[in-house]
Amino acid sequence: MAVLCSNCSGKLIFNPATQKLECANCGSFFSPEDVRDLNADLHSKYYDTRVYICGHCGAEVVTSDSEASTFCVYCGNPAIVFSRISKEYKPDGIIPFQVTKEDAIRYVKLRFLKNPMVPKEVKEKLTPGNIRGIYVPYWIINAAFSETDMLSGEVKNGKRTEKRWYARAGEVKLKNVPVDGSKILNDDISMKLEPFYLEDTKVFDEDYLNGFYSNTSDTSYNELRTSAAERCHKLYAGDVVKDIPAKNVKIEDSIYWVDIQDDPIYIMMPVWFFTFKYDGKPYTILINGQTGKVVGTMPWKQKSLYMITGGLTVLTLAVMSLLFVALKYNFFGLSTFYNHAIIGLMSFASFVLTRGITGIVRIFKNLKLTQSEDIFKYVKKRQE
């Protein structure tokens, strides 16, 4: 693949800020479409790549560059070894990086680094050397989807709360549903990265890959169909739950089926990977290379978090107890208005406590996803 400047033979790198290939030597710039691959006629359906394999997580990292990566862009471990030169099948399209590496660092800083609960050692790891851009393979599908659900929900009946059952069934046609085509990338993480805006898709040109890594699709058609069914189920089920006139609605059982319409479209999506190690564990924060959306969370000072959470919980419960006693025995001879105010304060305190506990649970769930052993693994639910 020709990646040299026609003016000085310097190395060309794609710059997301200008959407141009720029020469590192003379500063010339070119549109990717204007840089011709001298061997294009010989392998119009394929392009040359270098493949590196991580000895820790098993990921295959593809790069058209001659740079030998010293660490895995997926799990952050320094266990990358050169494997082979490969000819990979060309995707149908590509969404070029629009977020620069500097912007990706800025977005992560805005999201996390002002938080005093993030350890200083982690903040110091946010450097350009720990961030790599990688194109992740996606399949864009059109599908006919049908589902039957059995749901439960809670409904007030006087002073009692009753559990009721509901049944729903329906069919829907979905268009342009993105399904990640890599077994390494966890489906929950890939969904959190969205949306990607397909109107920015370009006809695939390997020159867009200059300066970046990529990962080819390793998903068979049957695996893609299974993943598509799970993805469509999540989209459909969300609307079904909202349609039920009850609280705490849960889907107890589901039967669903998907039929992929037309041929799936193979597109490469841009993602920045910020990888680092803390307390002996590898972590990965992902940044959507088109929109700048940040996915994942930083390690927290767990002792401080537990102390603050415990202190707030004790304080809230103590205030609620005092308000309850004052209300029950009317120590201060309060009027009905003030009694109602106390009830309101107790309800508010209960709401704050519940939201706080929910937030803590969400933090730990995101933290678990951010740790690479859980984020990037080959054996996923869709493969069982």
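Show me 146-152, 206-212 ranked by packing, highest mean number of other Cβ atoms within 10 Å first.
Details: 146-152: 17.3, 206-212: 23.4.
Descending packing order for the listed peptides: 206-212, 146-152.
Using a 10 Å cut-off around each Cβ, can you sort 252, 154, 199 from fewest to most neighbouring Cβ atoms? Walk me through the numbers before you get to the answer.
Working: 252 10, 154 14, 199 5.
Taking fewest neighbouring Cβ atoms as first place, the list is 199, 252, 154.
Holding the Cα-Cα limit at 29 Å, pick out from 114/202; 114/281; 114/192 the pairs that are longer than that. All intermediate terms of the calculation are to be shown ahead of the outcome.
Details: 114/202 37 Å; 114/281 22 Å; 114/192 23 Å.
Listed pairs above 29 Å: 114/202.
Express the Stokes-Einstein translational diffusion coefficient of the stretch 154-270 in µm² s⁻¹, to the nearest whole number, given a Kirkwood radius over alpha-carbon pairs, 37 °C and a viscosity of 0.692 mPa s.
Numbers: Rh = 17.5 Å.
Translational D for this selection: 188 µm²/s.
Could you give each residue of the stretch 108-114 its phi-based ³J(HN,Hα) in whole Hz, using Karplus coefficients 6.51, -1.76, 1.60 with θ = phi - 60°, and x for Gly or Pro?
5, 4, 4, 6, 10, 6, 7
Would you please give the residues with an amide H less than 5 Å from that of residue 181, counting only those at least 5 places away or on a separate chain, with H modeled from the backbone geometry?
Long-range HN contacts for residue 181: 138, 139.
Taking amide H positions as placed in the peptide plane 1.01 Å from N, state which residues far from residue 186 in sequence (5 or more) or on other chains have amide H under 5 Å from it.
Amide H neighbours of residue 186, under 5 Å, 5+ apart: 377.
Sorted by average packing, counted as other Cβ atoms within 10 angstrom per residue and highest first, what order do 20-26, 160-166, 139-145 take? Write down the numbers at each step before the final one.
Details: 20-26: 17.0, 160-166: 11.6, 139-145: 19.9.
Those peptides, ordered most packed to least, come out 139-145, 20-26, 160-166.
I'd like the Karplus ³J(HN,Hα) series for the stretch 166-181: coefficients 6.51, -1.76, 1.60, θ = phi - 60°, whole numbers in Hz, and an x wherever there's a Gly or Pro.
Karplus values, whole Hz, x for Gly and Pro: 9, 10, 9, 8, x, 10, 8, 10, 10, 10, 6, 8, x, 10, 5, x.
Which of 51, 136 comes first, and how do the rest follow, when ranked by fewest Cβ neighbours within 10 Å? Each step should come with its number before you reach the end.
Working: 51 15, 136 24.
Fewest to most other Cβ atoms nearby, the residues stand as 51, 136.
In the neighborhood of residue 251, defined by Cβ-to-Cβ distances under 13 Å, what is the net charge if each Lys or Arg adds +1 and each Asp or Glu adds -1? Don't jump to the answer; show the numbers that get you there.
Numbers: positive: 168, 234, 242, 250; negative: 147, 149, 239, 243, 252, 253.
Summing Lys and Arg as +1 and Asp and Glu as -1 gives -2.
From the phi angles alone, apply the Karplus equation (6.51, -1.76, 1.60; θ = phi - 60°) to the stretch 214-220 and give each ³J(HN,Hα) in whole Hz, x where the residue is Gly or Pro.
Per residue, the Karplus-derived 3J(HN,Hα) values read 8, 9, 7, 5, 10, 9, 6 Hz.
May I ask you to work out the translational diffusion coefficient for the stretch 90-216 at 37 °C, viscosity 0.692 mPa s, via Stokes-Einstein with Rh from the Kirkwood sum over Cα pairs, reported in whole µm²/s? Write out the running numbers ahead of the final one.
Details: Rh = 19.2 Å.
Approximately 171 µm²/s, per Stokes-Einstein.
Using amide H atoms built in the peptide plane, which far-off residues or other-chain residues are under 5 Å from residue 278 H to H?
Amide H neighbours of residue 278: 283.
Pairs 101/293; 90/293; 101/125: which exceed 20 Å Cα-Cα? Spell out each step's value before the answer.
Working: 101/293 13 Å; 90/293 27 Å; 101/125 15 Å.
Exceeds cut-off: 90/293.
Every number here is computed from the coordinates shown, using simple stated rules; none is lab data. None of these values were measured; they are calculated from a predicted model. With ideal geometry, Cβ positions are generated from the backbone for all residues, glycine too; neighbour counts draw on all protein chains shown.
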